[in-house]
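Asks: My questions all concern the structure below.
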Amino acid sequence: MSNLIRWEPAREMMTLREAMDRLFDDAFTRPLSLAGNTWSVPAVDMFQTDNEVVVKVALPGIKAEEVQINVTGEVLTIKGEVKQKEEAKEKAYHIREQRWGAFERALVLPTEVVADKAKADFENGILTITLPKAEEVKPKSITIKTK
């Protein structure tokens, strides 16, 4: 003899709702991807125009020489390390959210690019990487002839 359990959709929906609430609570009350005092996921914006893919990465407090950028196939990788500054040992921190340690972000590019002609600019803590699109993926105009 088997026990049958009645399925109640409302119970399942509450569980999903509770899970979503917990996810949003965690996302807005804890720093992004902090594991100890290291961080691994800098914030990124990526968009494309007719001729290029542009990636903007927020790297506050980081020097340009501490960042390495690579393009392998369709993957753009940004990585580096922020050194921890020596602090006076007698300080008793109440809050310590300054990030230090290694970071890495790998992004799948939305289209083929010409990595050799990429440019990277670093200003006010924002790294801007401009990757020209490959010729074969750029939009082509077709002229219409009239008779």
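The values are calculated or read from the model by the stated rules, or taken from the named source; none is laboratory data. This structure is a prediction, so every number in the text was calculated from the model and none was measured. In this analysis, Cβ positions are derived from the backbone assuming ideal geometry, glycine residues included, and neighbour counts consider all displayed protein chains.
Asks: Looking at this structure, is Glu112 within 18 Å of Asp50 (Cα to Cα), modelled with pLDDT of 90 or more and of a type outside the set (Val, Ile, Thr)?
Replies: In short, yes.
Asks: Among all residue pairs at least 6 apart or on different chains, which show Cβ distances below 8 Å where the first residue, located in region 62-81, is over 15 Å from Lys119 (Cα atoms) and the second is part of a helix (DSSP H, G or I) and of a type outside the set (Phe, Trp, Tyr)?
Replies: Every condition considered, the pairs that remain are Gly80/Glu66; Glu81/Glu66.
Asks: Residue by residue through region 111-147, note down the ones that are surrounded by 11 or more Cβ atoms within 10 Å (Cβ to Cβ) and polar (S, T, N, Q).
Replies: Answer for region 111-147, where residues must be surrounded by 11 or more Cβ atoms within 10 Å (Cβ to Cβ) and polar (S, T, N, Q): Thr111, Thr128, Thr130.
Asks: Applying the selection to region 107-130, what residues are among the hydroxyl-bearing types (Ser, Thr, Tyr) and not in a loop (DSSP other than H, G, I, E, B)?
Replies: Residues satisfying the conditions are Thr128, Thr130.
Asks: Please work out if Thr130 is modelled with pLDDT of 80 or more, of a type outside the set (A, V, I, L, M) and in contact with an Asp or Glu (Cβ under 8 Å, 6 or more places away or on another chain).
Replies: yes
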